[in-house]
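The structure appears below as structure tokens.
The values are calculated or read from the model by the stated rules, or taken from the named source; none is laboratory data. Predicted, not measured: the structure shown is a model, and the values here were computed from it. Cβ atoms come from the backbone with ideal geometry, glycine included; neighbour counts cover every protein chain shown. Just the protein is used for accessible areas: all its heavy atoms, side chains included, with ligands, DNA and RNA removed. Shrake-Rupley method; radii C 1.70, N 1.55, O 1.52, S 1.80 Å.
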Amino acid sequence: QVQLVESGGGLVQAGGYLRLSCVASKSFFSISAVGWYRQAPGKQRELVARITSGGSTNYAHSAKGRFTISTDNAKDTVTLQMNSLKPEDTAVYYCNAARLDMEYWGKGTLVTVSS
């Protein structure tokens with residue numbers, strides 16, 4: 001089992017920034033990949049950004065150039081720096097971890113971007 005706890009969501013104006021963090025209950029050395037997904041009202045959950053244990057990253061097209069995912073293995077934390085936020089970024093953001101062929105999810109943190 002891996003517990004994931006997100007923090008850092010909130011209300012921000014368009015053009016602003018937020019930094020989301022997710023702390024895992026297991027060492028990142030046992031996790032093959034971590035990432036952030038989001039789900040807007042009435043829409044399906046979608047990948048925002050993901051990073052593997054080897055450091056490879058992939059981003060949704062909408063996130064490229066604005067969002068940056070990074071990990072701190074010493075703190076078992078994954079961070080999503082979100083800049084130049086847009087109203088369409090409004091969603092619940094979920095942390096995800098893949099470990100031993102299992103996937104784990106946090107409870108989510110709400111990001112609201114006002115125009």
Could you please tell me which pairs satisfy a Cβ distance under 6 Å, a separation of 6+ or placement on different chains, a first residue in the stretch 102-113 that is polar (S, T, N, Q), and a second residue that is open to solvent by 20 Å² or more (accessible area, probe 1.4 Å)? THR109/GLU6; THR109/GLY9; THR112/LEU11; THR112/THR90
For residues that are assigned to a strand (DSSP E or B), over 18 Å from ALA24 (Cα atoms) and not β-branched (Val, Ile, Thr), scanning just the stretch 44-72, find the one that is least open to solvent (accessible area, probe 1.4 Å). PHE67
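Of the residues LYS107, LYS64, LYS75, which single one is touching a strand residue (DSSP E or B) at 6+ places or on another chain (Cβ under 8 Å) and either at pLDDT 95 or above or over 18 Å from ALA33 (Cα atoms) (or both)?
Answer to the check: LYS107.
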Does the stretch 10-36 hold any residues that are in contact with a strand residue (DSSP E or B) (Cβ under 8 Å, 6 or more places away or on another chain) and free of Cβ contacts under 8 Å to residues at least 60 places away in the same chain, and which are they? SER21, VAL23, SER25, PHE28
Within the stretch 73-115, how many residues are open to solvent by less than 30 Å² (accessible area, probe 1.4 Å), within 24 Å of LEU11 (Cβ to Cβ) and either hydrophobic (A, V, I, L, M, F, W, C) or part of a strand (DSSP E or B) (or both)? 13
